[in-house]
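The structure under discussion appears below in the form of structure tokens.
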Amino acid sequence: MELESRENIIQESEDILYESNILENIITPQRRRYYTSNIPDTYIRDAITGDLYPYKVGSYESLRLFKYIDATGTCDSEGRQYSKKDRNLSRDANSCYYTCPEECMKHRKIKFSEKRVKDWYTFQESVFINNEFSLINFNKLKLNKKSKD
């Protein structure tokens, strides 16, 4: 009985907090699901650890990383998950960077097609020759893609 009473008190306080936040137009994010890199020309954060990469958002060097866009609306611009009551209120699309597609799939608990994974590795091999970015190869790939579309 005492446990049930505590749970009711906790639920009532959460409801009051939620209602006051809604009235004040405050959304209360919960735990962090991932780290985002949304701002151009800032250093990229690893989506899992939050560690900074030596590459900036929007740079050619950022192409070394696998970029995943989360447009589900379940997280704020910092990657914190909204509570169930606040869900789908966000219109933020978040950029998440991983070292490879497999790391993204494991972290996000999703599955990409084998073709998508293979295409990413093929892109890496084509654009980064001897660990250096090749603008010529990058532009060739862009032209090939446009001609296919």
Just name the residue that is surrounded by the fewest Cβ atoms within 10 Å (Cβ to Cβ) out of those in the stretch 107-141 that are more than 19 Å from residue 68 (Cα to Cα) and among the hydroxyl-bearing types (Ser, Thr, Tyr).
126
List the helices (runs of 4 or more DSSP H) inside the stretch 50-149, counting only whole elements, that have at least 3 residues being without any contact (Cβ under 8 Å) to a residue 40 or more places away in the chain and more than 26 Å from residue 35 (Cβ to Cβ).
114-127, 135-148
Residue under question is residue 46, and the condition is that it be acidic (Asp, Glu), modelled with pLDDT of 85 or more and over 15 Å from the mean Cα position of the chain (by Cα); does it hold?
no
Flag if residue 10 is at pLDDT below 95, of a type in the set (Val, Ile, Thr), surrounded by 14 or more Cβ atoms within 10 Å (Cβ to Cβ) and not in a strand (DSSP E or B):
no
Report yes if some residue within the stretch 85-105 is acidic (Asp, Glu) and more than 18 Å from residue 31 (Cβ to Cβ); otherwise report no.
yes
Restricting the stretch 34-49 to residues that are assigned to a loop (DSSP other than H, G, I, E, B) and of a type in the set (A, V, I, L, M, F, W, C), the residue that is nearest to residue 77 (Cα to Cα)
39
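The values are calculated or read from the model by the stated rules, or taken from the named source; none is laboratory data. Fair warning: this is a prediction, and the values are worked out from it, not measured in the lab. Using ideal geometry, Cβ is built from the backbone for each residue, glycine included, and neighbour counts are taken over all protein chains shown.
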